[in-house]
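Heads up: the structure comes next, in structure tokens.
The values are calculated or read from the model by the stated rules, or taken from the named source; none is laboratory data. What you see is a predicted model; the values in this text were computed from it and never measured. Virtual Cβ from ideal backbone geometry, glycine too; neighbours counted across all protein chains shown.
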Amino acid sequence: MRFYEALDVPPRLALDPEDLKQRFYGKSRLWHPDRFARASPEEQQKALEMTSVLNDAFRTLKDPVQRAEYFLGERGLGPTKHAPAELLEEVFEMNMALEELREGDQSARPQLEAARNRFEQLLAEIDHGLYDMSIRFDEAQDESLLHAIRSGLDRRRYVSNLIRDVDKELNVHLPN
Amino acid sequence: MSTFQIDFGTEKPESKIVGIDLGTTNSLVAVMDLTGPRILSGIVPSVVSVSESGEVIAGAEAREMLLTHPDRTVYSVKRLMGRGTSDIQDELKLFPFHLASGSGSVLQLQLGDQVMTPPEVSAHILRKLKQDAEAVLGTSVTQAVITVPAYFNDAQRQATKDAGRIAGLEVLRLVNEPTAAALAYGLDKRKEGLVAVYDFGGGTFDVSILRLHDGIFEVLATNGDTHLGGDDIDNLLLRIALEDIQSEWGEDISVKNDAVQILRRAVITAKETLSFVPSTAIVFEHGGKRYERAMSVDVFNRLIGPIVERTLGPCRACIKDAAVNVEDINEVVMVGGSTRIPLVRAEVEKLFRSRPHTELNPDEVVALGAAVQAGILAGDVQDQLLLDVTPLSLGIETMGGLVAKIIHRNSTIPASATEQFTTAVDGQRNVLIHVLQGERELVKDCRSLARFDLKDLPPMPAGLARIEVKFLIDANGILNVTARDVRTGAEHSVEVKPSYGLTDEQVEAMILESFDKAQEDFKERQLREARVEADAIMAATKKARLNDAFTMLDEAERKLIDRAVGELLVVYHGQDHLLIRAKIDQLNAATHSLAEQMMNTAVRGALKGTKI
């Protein structure tokens, strides 16, 4: 858990963003290459490496989703490519509507916009669930929760890709 | 004349790190003092010219040469930094750049009978700034912080660093211009909160959003356009005036370089005037004919509207990338000469919903910030720290001409990414990695940065080699690549082929060449200093002849002094500063007892007048 060590925070899934930021600033003051402009080449190289790890760590850990992905990845629980079964029917219908829109049928637009909003709502629910599970895992260290979090992350990735695709098509095929 | 010097300390002061704003139109040098940053010399126009005798001139003098010798003078060279012949075709239509014949992957400009790359031209501007700074500081200047547009890509940054090296400056840091402005601005007030910097200069546009907290300046996002600036407004007005003149006079003067430059000066004057008065006129005389076109602010605003509009897209994108609400941005700082235009201020105010700050001189604020950064690097400024970002995503070419992003834009720098590479066929001896910068998905839509060649792999079955490549963007925003053989752990050599710009060997050759010139400069300065000293001692000797002590010297001593003065005069106009120094020493020695006599007389005189 190199990123947690770089910022000197305990390896937990839920972190206080303000505390994380303060630690990041504090470590930056210590290690930024600007502080070593007149140091030896070896010290400069060390500062460069420390700071690049620190920056990578803060960028990853400050975002709850990236943080969870990193945390699970470090425990060998990388992302899977399974599409969430319960969404398949809805995604199928949406793809039909997307096809109509691509062919110039603007009447498909309201249906797509509605689908988009549902997915947005779903995303918020997933995030909420992930947050709850993260807190519970930090307390109980229950491994089964990690698998639940992994499938939550998989769903999240799938849904946000859907939203991105719909947005793209809605913006490309604008009504004249 | 011997003088009794007081030594104020045996240690020489450490040479200062200067901050340089290397602008498209103008450049400036500043330094950090105990009281704060201070501009060291006047504005140096970013213009370089080669005189008929082959002498290279930079600055205000060169700007005058633009009117008399446009064919051997270059301006706005910053637009060409780090670019290839193929991607400056638009630029060539608008700017009178004279490309040297045979200009290959590295652009070469023809100035009179000399050929120079853009970094070499910039180096002449830097050398002028260096000399100005040395003249004011009285010490040599060898280290600098140079500012670049935040949206500069790797090649443009590298070219700027090369220019510094060619000019004899160790570039300790490249700082993004809007960030430098924020540093200068936030210094005295210890501000907190969100600040946007809108930097609309001569040739480039940048916008950055920063979070200020307890001396930390954290850039959250940056955006911009490296080919958008006041130049574009000048070119627009120039085109209109040329068309007018064509229809009024029935004459196409666009082919006459000198006339075009005079007309360009006239439209710039009109543009600048319109920032202060509601109407003016573009006035131009040529070949006994006169052209005059009245212009009101309303007409001007309508003309430049589309150009100003082009700055707003990057602003919106920047707000989005910073993930902040526009209402939460506390202040907007205005930088660059083009922000004097009232329409620009009005549009910025509308977009950011807060009154833009214009109290600092928009021409000076970047150089002042560069000086603050120099102070940080020197350790003189302890409580401030800049955390900047990379403006463009970094990616590598994958199958099918696609780009896989490995470091995303707006990542805090230094930033790194590690990738593993292997071979595709049995016995493959090298792996070529193509690195690109940009946001698009296809290789052809991104900017090629360099090709890295992992050579001399041991022959092995396909897929067995494991080379770990580390991509690191340093605090200057410049990419460094290192490779390691995973099986052996040994460093693996990487050969870099930059897509644009100079190779290390080319820069080295230019440094050597400029070193000869710097030696000449140095010799010139030493000569000047020796003459100044000679003047001083001769004046002192002349004055001493009127002193009572002089009459007390014997004939031989007087003769010795006369001879020493005579010999000094003989070498005075020569080119050998060492000889002048030798003769100064000789005169010093000859006047030694005279100086002692005078001291004694003075002390006796002083004692006589003192009541004990």
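Looking at region B:230-248, can you tell me whether even one residue there is under 26 Å from B:LEU92 (Cβ atoms), more than 29 Å from the chain's Cα centre (by Cα), acidic (Asp, Glu) and assigned to a loop (DSSP other than H, G, I, E, B)? Checked against the condition, which is being under 26 Å from B:LEU92 (Cβ atoms), more than 29 Å from the chain's Cα centre (by Cα), acidic (Asp, Glu) and assigned to a loop (DSSP other than H, G, I, E, B), region B:230-248 yields no hits at all. Of all residues assigned to region B:587-598, none qualifies as being surrounded by 12 or more Cβ atoms within 10 Å (Cβ to Cβ), assigned to a helix (DSSP H, G or I) and either among the β-branched types (Val, Ile, Thr) or modelled with pLDDT under 75 (or both). Scanning region B:198-227 for residues that are surrounded by fewer than 23 Cβ atoms within 10 Å (Cβ to Cβ) and aliphatic (A, V, I, L, M) turns up B:LEU212, B:ILE216, B:LEU220, B:ALA221. If the condition is being closer than 17 Å to B:GLN108 by Cα and modelled with pLDDT of 90 or more, then region B:54-78 contributes B:VAL56, B:ARG72, B:THR73, B:VAL74, B:TYR75, B:SER76, B:VAL77, B:LYS78.
Could you say whether any residue in region B:163-174 is part of a strand (DSSP E or B), of a type outside the set (D, E, K, R) and more than 14 Å from every other protein chain (Cβ to nearest Cβ)? No: zero hits.
With respect to the conditions (1) surrounded by fewer than 17 Cβ atoms within 10 Å (Cβ to Cβ); (2) acidic (Asp, Glu); (3) not assigned by TED's automatic domain parsing to the domain that holds B:SER275, B:ASP298 falls short on a single one, namely (3).
Is there a residue in region B:178-187 that is at pLDDT 95 or above, outside any helix (DSSP H, G or I), closer than 19 Å to B:ASP363 by Cα and in the same structural domain as B:THR117 (by TED's automatic domain parsing)? Checked region B:178-187: no residue is at pLDDT 95 or above, outside any helix (DSSP H, G or I), closer than 19 Å to B:ASP363 by Cα and in the same structural domain as B:THR117 (by TED's automatic domain parsing). Kindly check whether there is at least one residue in region B:204-217 that is over 22 Å from the mean Cα position of the chain (by Cα) and assigned to a loop (DSSP other than H, G, I, E, B). Scanning region B:204-217 turns up at least one residue that is over 22 Å from the mean Cα position of the chain (by Cα) and assigned to a loop (DSSP other than H, G, I, E, B).
A count restricted to region B:453-479 and to residues that are under 30 Å from B:ALA317 (Cβ atoms) and either aromatic (Phe, Trp, Tyr) or at pLDDT below 90 (or both) stands at 1. May I ask you to list the residues in region B:61-79 that are out of contact with any Pro (no Cβ under 8 Å at 6 or more places or on another chain) and of a type in the set (Gly, Ala, Ser)? B:SER76 - this is the single residue of region B:61-79 that is out of contact with any Pro (no Cβ under 8 Å at 6 or more places or on another chain) and of a type in the set (Gly, Ala, Ser). Looking across region B:287-299 at every residue that is without any contact (Cβ under 8 Å) to a residue 40 or more places away in the chain and of a type outside the set (S, T, N, Q), the one that is nearest to B:ASN257 (Cα to Cα) is identified as B:GLY287. Note on region A:1-29: residues that are part of a loop (DSSP other than H, G, I, E, B) and surrounded by fewer than 19 Cβ atoms within 10 Å (Cβ to Cβ) amount to 8.
Return a yes/no flag: does region A:48-55 have any residue that is touching a residue at least 40 places away in the same chain (Cβ under 8 Å), closer than 28 Å to B:ASP321 by Cβ and more than 14 Å from every other protein chain (Cβ to nearest Cβ). Within region A:48-55, none of the residues are touching a residue at least 40 places away in the same chain (Cβ under 8 Å), closer than 28 Å to B:ASP321 by Cβ and more than 14 Å from every other protein chain (Cβ to nearest Cβ). Residues in region A:50-57: is at least one outside the structural domain of A:ASP127 (by TED's automatic domain parsing), over 17 Å from the mean Cα position of the chain (by Cα) and not in a helix (DSSP H, G or I)? Within region A:50-57, none of the residues are outside the structural domain of A:ASP127 (by TED's automatic domain parsing), over 17 Å from the mean Cα position of the chain (by Cα) and not in a helix (DSSP H, G or I).
Among the residues of region B:255-295, the one identified as among the charged types (D, E, K, R), part of a helix (DSSP H, G or I) and farther than 19 Å from B:ILE233 by Cβ is B:ASP258. Of the residues making up region A:111-123, those that are without any contact (Cβ under 8 Å) to a residue 40 or more places away in the chain and farther than 13 Å from A:GLU93 by Cα are A:ASN117, A:ARG118, A:GLN121, A:LEU122. If I filter region A:67-81 for residues that are polar (S, T, N, Q) and within 14 Å of chain B (Cβ to nearest Cβ), do I get at least one hit? No; the residues of region A:67-81 include none that is polar (S, T, N, Q) and within 14 Å of chain B (Cβ to nearest Cβ). Count of region B:78-110 residues, restricted to those that are of a type outside the set (Gly, Ala, Ser) and in contact with a Ser or Thr (Cβ under 7 Å, 6 or more places away or on another chain), is 8.
In the set (1) in a loop (DSSP other than H, G, I, E, B); (2) at pLDDT 85 or above, the condition left unmet by B:GLY574 is number (2).
Between A:GLU86, A:GLU100, A:GLU42, the distinction of being more than 21 Å from the chain's Cα centre (by Cα), free of Cβ contacts under 8 Å to residues at least 12 places away in the same chain, away from chain B (no Cβ under 14 Å) and surrounded by 13 or more Cβ atoms within 10 Å (Cβ to Cβ) belongs to A:GLU100 only.
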